[in-house]
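Only one structure is covered here, and it is reproduced in the block below.
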Amino acid sequence: MTFGISTGVLSVSLAWVIGLLPQTARRVRQAWLFSLLLIAEVALIDMQQWRGVASHFNNATRFDGAVFTAMGVLITSAAALIAVWTVALFRQPLSRSRGYGVAARAGMVMLNIGNLVGMIMAASEATALKPIHGVALHMIQVLPVLVWLTARLGYPRAWRGEPTSSPWYSSPGSRPL
């Protein structure tokens, strides 16, 4: 259940980030592929749980090892798409406020770090890295919420990286990053 909820929250966050990028047929196909990869990943985790065996780091039988390997291939493919979207996010000027743009970019960088830590964990069974993996994966949700909260709590725009007056701004949030 934890992986399903985590995957759902991640998907919503990535939909927000992808929405910041120009919509192309290729990006739509990537989003569909990403969704299918995550559905398959969660299905394999659920199957292992229904069987009453560990879903991760389980090589007890050939079947369990094959399932764990398949999960690795699925999540590595999803991580590759996340990396592609991260590069696109840095190459694309954003029309959001500076705070949200920085949150999206920093969140995606942290997500990539979380993915790398997860790969290290899978390769070495270094489960002690689990907290770092989890925190890095979910910064993509935390950072935009912090931007939203600072705006709602009335913190000065300058604190959020948005000048209060500048010839570069015609209206709040209209200048690309």
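Odds and ends about this structure:
- Rounded to the nearest 10 degrees, the inclination of helix 25-51 to the longest alpha-carbon principal axis of the chain is 40 degrees.
- Alpha-carbon Rg/Rh ratio, for region 1-90, with Rh computed the Kirkwood way: 1.05
- Separation in nanometres of the label points that stand 7 Å from Cα toward Cβ, at Leu33 and Thr2: 3.1 nm
- Measuring r between the beta carbons of Ile113 and Arg152 and using R0 = 25 Å, the FRET efficiency lands at 0.35.
- Separation of alpha-carbon centers, region 19-39 and region 136-154, rounded to whole Å: 24 Å
- In region 56-134, the chymotrypsin sites (Phe, Trp or Tyr not before Pro) that fall in loop regions by DSSP, at most 16 other Cβ within 10 Å: Phe57
- Alpha carbon convex hull of region 51-147, volume per residue in cubic angstrom: 106 Å³
- Axis angle, to the nearest 10 degrees, between helix 62-91 and the longest C-alpha principal axis of the chain: 10 degrees.
- Each pair of Cα atoms in the chain enters the Kirkwood radius, and Stokes-Einstein at 37 °C and 0.692 mPa s then converts it into a translational diffusion coefficient of 184 µm²/s.
Every read-out reported here was derived from the displayed coordinates using simple, explicitly stated rules and does not represent laboratory data. On a predicted model such as this, the values are computed, not experimentally measured, just so you know. Positions of Cβ are backbone-derived with ideal geometry, glycine not excepted, and every protein chain shown enters the neighbour counts.
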